[in-house]
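Comments concern the structure below.
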Amino acid sequence: MSKQLQDPVPRLTVITLGVGDIRASIAFYDALGFSRRLKATGEAVAFYDTGGPVLALYPWDQLAADAQLPDDPRPAAFRGMTLAWNCATREEVDAVLAFALSKGAKLVKAAHETDYGGYSGYFADPDGHPWEVVVAPGIEVGEDRRVHLAE
């Protein structure tokens, strides 16, 4: 008698960013206010509670080696992904962008009206990972810090 395996439940649990200077990246994400967990890992890896998937920081070359991918050349251009910081209002978008810049982020694109009725801008972290700061129709952020999508 054979057991039929059920399909796994899809889930996104951790987003790991490769970073060039783990100390500088830890300082940056601490300054943004993300809550670091499992501090016993020291500077080997850093884990942050985001209210959803965990954000992890790991040395770029070691992350590439772990994935068995080349770590050089490091792309200076778009990497095919962005992170998002969803907001409740346009004023919050402006405030988050200003806050991130005050903590060392680089402005990539100033906040602007979007063609889908939202408002967004972009900043980059010390390693150039782009973050969109956005308020968008049909996407709300609850008191639990989780994103809630309209039906």
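Quick one: what pairs do we get from the range 73-94, first residue in a helix (DSSP H, G or I), second open to solvent by less than 70 Å² (accessible area, probe 1.4 Å) and of a type outside the set (S, T, N, Q), C-beta under 6 Å, 6+ apart or different chains?
R90/Y119; R90/V135; V93/C87; V93/A111; V93/Y119; V93/V133; V93/V135; D94/A111
Just to confirm my filter: which strands (runs of 3 or more DSSP E) fall fully inside the range 95-151 and include at least 2 residues that are in contact with a strand residue (DSSP E or B) (Cβ under 8 Å, 6 or more places away or on another chain) and modelled with pLDDT of 95 or more?
106-113, 119-124, 130-135
Given the conditions (1) surrounded by fewer than 15 Cβ atoms within 10 Å (Cβ to Cβ); (2) among the small types (G, A, S); (3) in contact (Cβ under 8 Å) with a residue 60 or more places away in the chain, report the number of the one that A105 does not fulfil.
Against the list (1) surrounded by fewer than 15 Cβ atoms within 10 Å (Cβ to Cβ); (2) among the small types (G, A, S); (3) in contact (Cβ under 8 Å) with a residue 60 or more places away in the chain, A105 comes up short only on (1).
So in the range 45-65, with the set limited to residues that are open to solvent by 60 Å² or more (accessible area, probe 1.4 Å) and closer than 23 Å to Y29 by Cα, which one is nearest to the chain's Cα centre (by Cα)?
In this case the residue turns out to be Y58.
Which of the residues that make up the range 55-72 are outside any helix (DSSP H, G or I) and either modelled with pLDDT of 95 or more or not aliphatic (A, V, I, L, M) (or both)?
L55, A56, L57, Y58, P59, Q68, P70, D71, D72, listed by residue number.
Does the range 79-101 hold any residues that are surrounded by 18 or more Cβ atoms within 10 Å (Cβ to Cβ) and of a type in the set (F, W, Y), and which are they?
Across the range 79-101, the qualifying residue is only W85.
Looking at R36, is it of a type outside the set (S, T, Y), free of Cβ contacts under 8 Å to residues at least 60 places away in the same chain and part of a strand (DSSP E or B)?
In short, yes.
Each row is one residue, and each column tells you yes or no for (1) farther than 20 Å from D49 by Cβ; (2) crowded, with 17+ Cβ neighbours inside 10 Å; (3) in contact (Cβ under 8 Å) with a residue 60 or more places away in the chain.
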residue	(1), (2), (3)
G118	yes, yes, no
G121	yes, yes, no
V133	no, yes, no
E151	yes, no, no
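Among A76, A111, which is more than 21 Å from Y29 (Cβ to Cβ) and touching a helix residue (DSSP H, G or I) at 6+ places or on another chain (Cβ under 6 Å)?
A111
The values are calculated or read from the model by the stated rules, or taken from the named source; none is laboratory data. Predicted model only: the values in this text are computed from it and were never measured. Don't worry about glycine lacking a Cβ; one is built from the backbone with ideal geometry, like all the others, and counts go over all protein chains shown. These area figures cover heavy atoms from the full protein model, side chains too; ligands, DNA and RNA do not enter into them. Shrake-Rupley method; radii C 1.70, N 1.55, O 1.52, S 1.80 Å.
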